[in-house]
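The values are calculated or read from the model by the stated rules, or taken from the named source; none is laboratory data. Quick caveat, the model's predicted, so the values are computed rather than measured. Counting neighbours? That spans all protein chains shown, and the Cβs are built from the backbone with ideal geometry, glycine included.
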């Protein structure tokens, strides 16, 4: 008792110690698990970073508003149908845990980013571009005039169809980022690849 018998063509009725049989069974089970994991593992998704082609996700990684600098945003719809986008500023401006000011370099404690979000939605008609600055945002005005490049006051800021109310950044000074994700009318993300910025 305590031995296993395997039938082979080379040696019939050969007996192996139980620990050898258990080790072989464990090795076979482990190999089967690894094989199943390799076959069923999802292949990695392909994501490319580009500024030349349209996409479903736009990331402006460095947004600054500090009195001497003010980030300017331009976003366009590259499709021939209306596009919805959910956007949010992420405020990473450091705050001093202690006394002093992180941005001035006088913090006596440690500086930690705030990581606060300000969300908003924009709607762009076919082939529509829009723009705004971090400090002002873009307000809706139903009486916006089209841009007139031939007039004496060549000022087109705010001209055209408004994409919806775009708030300014959440504070002064501001250091952070802006992310915009193409969504359907219900707000669910889609992979339309119609945004360019």
Self-check item: Residues that are surrounded by fewer than 11 Cβ atoms within 10 Å (Cβ to Cβ) and either at positive phi or touching a residue at least 24 places away in the same chain (Cβ under 8 Å) (or both), drawn from the range 99-119
Solution: 105, 115, 119
Quiz item: Within the bounds of the range 23-46, is there any residue that is surrounded by 13 or more Cβ atoms within 10 Å (Cβ to Cβ), modelled with pLDDT under 95 and either in contact with a strand residue (DSSP E or B) (Cβ under 7 Å, 6 or more places away or on another chain) or closer than 30 Å to residue 137 by Cβ (or both)?
Solution: no
Self-check item: Subset of the range 82-132 [outside any strand (DSSP E or B) and closer than 13 Å to residue 173 by Cβ]
Solution: 92, 93, 101, 102, 103, 104, 114
Quiz prompt | Odd one out for residue 122, checked against (1) touching a residue at least 40 places away in the same chain (Cβ under 8 Å); (2) over 15 Å from the mean Cα position of the chain (by Cα); (3) surrounded by fewer than 17 Cβ atoms within 10 Å (Cβ to Cβ) | solution = (3)
